[in-house]
Amino acid sequence: MTKTEENKQGILNINLRTKTLIITGIALLILISVFVSNYFIDHTAVLTSNFYNVNQPPSFEHWFGTDWMGRDMFMRTLLGLGISIGVGAFASIISTIVAILLGVFSSVNTVVDEIVTAVIDLFGSIPHILLIILVSLAFGGGYYGVVMAVGLTHWTPLARILRAEIKKINTSEYIKLSNEFGKSKMWIARKHIFPLIISQIIVGVILMFPHAIMHEASISFLGFGLPAHEPAIGIILSESMKYLSMGYWWLAFYPGLSLLFLVLLFDLIGENVHKLLDPQSAQE
Amino acid sequence: MYLNANNISFSYRKNKPILKNISISIPDNKVIGLMGDSGSGKSTLCKVISGYLNNYTGTITIDNELIDKTGYCPAQLIFQHPEKTMNPKWKMHKVLSESWNPPQELKDTFGLKEGWMNRWPSELSGGELQRFSILRALNPNTKFIIADEISTMLDTVTQVQIWDSLIDYCKKNKIGILAVSHDKELLEVIADNIVLFNDINKL
Ligand SMILES: Nc1ncnc2c1ncn2[C@@H]1O[C@H](COP(=O)(O)OP(=O)(O)O)[C@@H](O)[C@H]1O
Ligand SMILES: [Mg+2]
């Protein structure tokens, strides 16, 4: 490779990295401001009815319009997105813990590995929504039930990835060599295996968010999720169904679109973080 | 001091033996050359001797004592393909120090450049990586080096250089060498005795 070619490639690389960083940064900023805004919004004021203002279409004063009780839909949507992020975060943490435990567990020996694989396949094959509703009911429903249900059903893809990755690392020559040097299992796990799977774990967590959020919204919409007094997006959507026939389209349109936007943001962040942490495999 | 492999038999799959009743002895002051066709099982024997494969029959002893399977293995294997023996996400200084921190003059003897230390394994050539894996294996606890086609990918000049440094170090430190190759000319230059693999493998 000539000098100029090398330079050109260097500049391109830096640009790509910077671009990825900027996109990720902006997406993160939006998410954080949505989440943090929840702590500055006066919940009771937003959720109190104001009968002078009912069913206003979107305007500069009420960006997303108002509902049948005169509540500002933009504020309600913001609160709903905050709840979604909260549920997503808790559920992702639970899922990740389960995935890591199973991934590590599978490396004990072949029998355990087969059991783990069978468990992963079993959970992966049951329809999500059904399982979520059942688990949620088993945990007594409500916020807690939803978080547990979504968390306990979303670990299969990450568990599968971690199991495969740990297996690949464990059978590599450099791990065997580490054994030859007399390093302990714990040392090998800490110094070799963990640093190699941490990027997968981080990306896995982020990419679990959108799933968790969508599933929370869908079971809340179906009435099996968060209780009706919570300003969750799923609740907003199911309530506004009754008013759609009257032409109040903005009640469902903007909250739904915002939820979609939130999900896409998480996908975007996940992909970009993947590129940043693991530039080589992201190109493959 | 002697490393003795006695009556070693091994098969990857049932009814397909690769090694049968192999016995070989390596003194700590000699280079034993082991020659054989590719696919005959030389690498398999190397892995058995240095503790990479476990389901063999027979014994491997150093001065009549079985090798301890837990701690540092006194018979260190150097592979034909060094890149596989290095964590791709570790820089070279870390790769080297996983075994030990060799003194600077030894690094110079094996031609390790200071600038290589901060590179990833993927940023060095096979020959450069092999210098690392040889030096890495020369930890003071090493009593025997099992060198499995370690210079196959190198040009002749480098081959001579590396073997000179390795044999020189091993003679001074009483480390025995099993040098495996299919290259007759190379073994005639470096080995004190040459053993034909087909003669010791009683298939
Ligand atoms: N991990 C393995 N599983 C099954 N068969 C293997 C494995 N490794 C090597 N073999 C087979 O064992 C035979 C001997 O291989 P090897 O010891 O690498 O020979 P050499 O080093 O003399 O070229 C070959 O036929 C090879 O296909
Ligand atoms: Mg071989």
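The values are calculated or read from the model by the stated rules, or taken from the named source; none is laboratory data. The structure presented is a predicted model; accordingly, all values stated were derived computationally and were not measured. All Cβ positions, glycine included, derive from the backbone under ideal geometry; neighbour counts span all protein chains shown. When the accessible area is computed, the model is the full protein with side chains, heavy atoms only, and any ligands, DNA or RNA have been set aside. Shrake-Rupley method; radii C 1.70, N 1.55, O 1.52, S 1.80 Å.
Taken over the range A:215-246, the criterion of being over 16 Å from A:W68 (Cα atoms) and assigned to a loop (DSSP other than H, G, I, E, B) is satisfied by A:G223, A:F224, A:G225, A:L226, A:P227, A:E230, A:A232.
Residue count for the range A:97-133, restricted to those that are under 26 Å from A:I83 (Cα atoms), loosely packed, with under 14 Cβ neighbours inside 10 Å and modelled with pLDDT under 90: 2. How many residues, within the range B:84-93, are facing chain A (nearest Cβ under 9 Å) and closer than 13 Å to B:R136 by Cβ? So the count comes out to 4. Quick check: is even one residue across the range B:84-99 within 16 Å of ligand 1 (Cβ to nearest atom) and touching a helix residue (DSSP H, G or I) at 6+ places or on another chain (Cβ under 9 Å)? Yes, some residue in the range B:84-99 is within 16 Å of ligand 1 (Cβ to nearest atom) and touching a helix residue (DSSP H, G or I) at 6+ places or on another chain (Cβ under 9 Å).
Here is a yes/no grid of residues against (1) more than 16 Å from ligand 2 (Cβ to nearest atom); (2) open to solvent by 20 Å² or more (accessible area, probe 1.4 Å); (3) under 19 Å from the mean Cα position of the chain (by Cα); (4) of a type outside the set (V, I, T):
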site: B:P102; (1), (2), (3), (4): yes, no, yes, yes
site: B:K107; (1), (2), (3), (4): yes, yes, yes, yes
site: B:P121; (1), (2), (3), (4): yes, no, no, yes
site: B:E128; (1), (2), (3), (4): yes, yes, yes, yes
site: B:R131; (1), (2), (3), (4): yes, yes, yes, yes
site: B:L135; (1), (2), (3), (4): yes, no, yes, yes
site: B:N139; (1), (2), (3), (4): yes, no, yes, yes
site: B:M153; (1), (2), (3), (4): no, yes, yes, yes
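Residues in the range A:167-183 that are more than 9 Å from every other protein chain (Cβ to nearest Cβ) and among the polar types (S, T, N, Q): A:N170, A:T171. Please determine, by comparing only the residues of the range B:171-203 that are touching a Phe, Trp or Tyr at 6+ places or on another chain (Cβ under 9 Å) and away from ligand 2 (no atom under 16 Å from the Cβ), which one is most open to solvent (accessible area, probe 1.4 Å). Checking each candidate, the answer is B:V189. Against the test of being more than 14 Å from chain B (Cβ to nearest Cβ) and either without any contact (Cβ under 8 Å) to a residue 40 or more places away in the chain or part of a helix (DSSP H, G or I) (or both), the options A:A149, A:A189 yield a single qualifying residue, A:A149. Would you check if there is a residue in the range B:160-170 being under 12 Å from the mean Cα position of the chain (by Cα), within 16 Å of ligand 1 (Cβ to nearest atom) and within 29 Å of B:L66 (Cα to Cα)? The answer is no, given that none of the residues of the range B:160-170 is under 12 Å from the mean Cα position of the chain (by Cα), within 16 Å of ligand 1 (Cβ to nearest atom) and within 29 Å of B:L66 (Cα to Cα).
For the range B:132-148, the count of residues that are away from chain A (no Cβ under 12 Å) and β-branched (V, I, T) is nonzero. Within the range B:12-58, the set of residues being more than 19 Å from the chain's Cα centre (by Cα) and near ligand 1 (Cβ under 9 Å from one of its atoms) comprises B:Y12, B:R13, B:K16, B:I18.
Looking only at residues in the range B:14-67 that are among the basic types (K, R) and either free of Cβ contacts under 8 Å to residues at least 12 places away in the same chain or within 14 Å of chain A (Cβ to nearest Cβ) (or both), the one that is farthest from ligand 2 (Cβ to nearest atom) is B:K14.
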